[in-house]
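Heads up, the thing below is written out as structure tokens.
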Amino acid sequence: MQKCDGFIRNEFKYLPVPVNEILNISFESTIETNSSIRLINLIGKEVIVLSGKSEVGNNESTLDLTGVTPGIYFLEVVNGDQKSVEKIVVE
């Protein structure tokens, strides 16, 4: 496991896959810092944005995707100056 300012690499997780209504997200942080979670469609439009502060250790968030059009999206988690992006499928 590689550490950097913000994330502990390979510790960004999301469930279920694919997602229908509720997406659970967790990530490990090495510092207390500003964080954000964004759901972005394929043309780059932000569909959902959550902002807050992460704590040292495990951080968990839930996105309610009720009403989000089924398709492929990008899930972006930013913690401090570190960013991780994953492709997800909404059914």
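The values are calculated or read from the model by the stated rules, or taken from the named source; none is laboratory data. All of these numbers come straight from a predicted model, not from anything done at the bench. No Cβ is skipped: glycine too gets one built from the backbone with ideal geometry, and neighbour counts run over all protein chains shown.
Name the strands (runs of 3 or more DSSP E) wholly within the stretch 24-91 that hold at least 2 residues that are touching a residue at least 12 places away in the same chain (Cβ under 8 Å) and small (G, A, S)? Give the steps one after another, and end with the answer.
Numbers: elements: 33-40, 46-54, 57-64, 71-79, 82-90.
Correct list: 33-40, 46-54, 57-64.
When the stretch 29-45 is examined, which residues are found to be at pLDDT below 95 and either closer than 19 Å to E91 by Cα or among the acidic types (D, E) (or both)?
The answer is E32, and nothing else.
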